[in-house]
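These notes concern the structure reproduced below.
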């Protein structure tokens, strides 16, 4: 028997092998099979595996009377997203589709480097609009984190 932590640490490449066990479907007489998988095979599987939601993730900032700017890190929600400022401390993200399903849409956000102790709220205004509100003032969000998830 080998002691796993006695091996040196390496940097994997897509063609490297991993040892794994393929588990049979429940209620069958099949036995588990130990076999090799490549790092590339595992990565390809991970990229197709559904977590049960689509997401729009980014870094958000807002200054003056401008609409928020977002550096999008990931967007798997269909459609085009457009940001607007509709009043002091009130901002909307509007989709050209209708992805924001009632009782299945969740928003995680923070003010980042913005002013501490700020109130930041979100509302699903419609199936195509989410509204973000600060405590009535602009310029409260600086490099904040934003993630919108729509569960299936």
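Go ahead and estimate [θ] at 222 nm for the chain from helices alone: -39,500 (n - 2.57) per DSSP H run with n ≥ 4, summed, over the residue count, rounded to 500.
-2000 deg cm²/dmol
With a Förster radius of 30 Å, plug the Cβ-Cβ distance of residue 63 and residue 147 into 1/(1 + (r/R0)^6) and report the FRET value to the nearest 0.05. Let's see the in-between values first.
On the way: r = 21 Å, r/R0 = 0.71.
The value I calculate is 0.90.
What is the chain's relative contact order, in percent, from Cα pairs under 8 angstrom and six or more apart in sequence?
Details: 299 pairs, mean separation 34.7, N = 152.
Answer for the chain is 23 percent.
Got the relative contact order for the range 45-109 handy, in percent, Cα pairs under 8 Å and 6 or more residues apart?
Details: 75 pairs, mean separation 14.7, N = 65.
Answer for the range 45-109 is 23 percent.
By per-residue mean of other Cβ atoms within 10 Å, what is the highest-first order of 138-149, 34-45, 18-29?
Numbers: 138-149: 19.0, 34-45: 12.2, 18-29: 8.4.
Going from most to least packed, we get 138-149, 34-45, 18-29.
What base-10 log of the normalised intensity I(q)/I(0) is obtained for the chain from the Debye formula, alpha carbons as equal point scatterers, at q = 0.13 Å⁻¹?
Log10 I(q)/I(0), no solvent term: -0.73.
May I ask you to derive the FRET efficiency for residue 118 and residue 5 from their Cβ-Cβ distance with R0 = 30 Å, giving the value to the nearest 0.05? Mind dumping the intermediate values first?
Values: r = 46 Å, r/R0 = 1.53.
Using R0 = 30 Å, I get an efficiency of 0.05.
Please give the peptides 54-64, 93-103, 111-121, 4-14 ranked by average Cβ packing (other Cβ atoms within 10 Å per residue), highest first, as a rough proxy for protection. Write down the numbers at each step before the final one.
On the way: 54-64: 17.7, 93-103: 15.1, 111-121: 13.3, 4-14: 7.3.
Answer by packing, highest mean first, reads 54-64, 93-103, 111-121, 4-14.
What nm value, rounded to one decimal, do you get for the distance between residue 14 and residue 88 when each label is placed 7 Å out toward the C-beta?
5.4
If you stretched the chain out fully between residue 25 and residue 73, how much longer would it get, using 0.36 nm times the residue separation minus the C-alpha to C-alpha distance?
On the way: separation 48, 0.36 × 48 = 17.28 nm, distance 3.66 nm.
Gain on stretching residue 25 to residue 73: 13.6 nm.
Any read-out appearing in this document is the output of simple, stated calculations on the displayed coordinates, not a laboratory observation. These numbers come from a predicted model, not from an experiment. We place every Cβ from the backbone using ideal geometry, glycine too, and count neighbours over all the protein chains shown.
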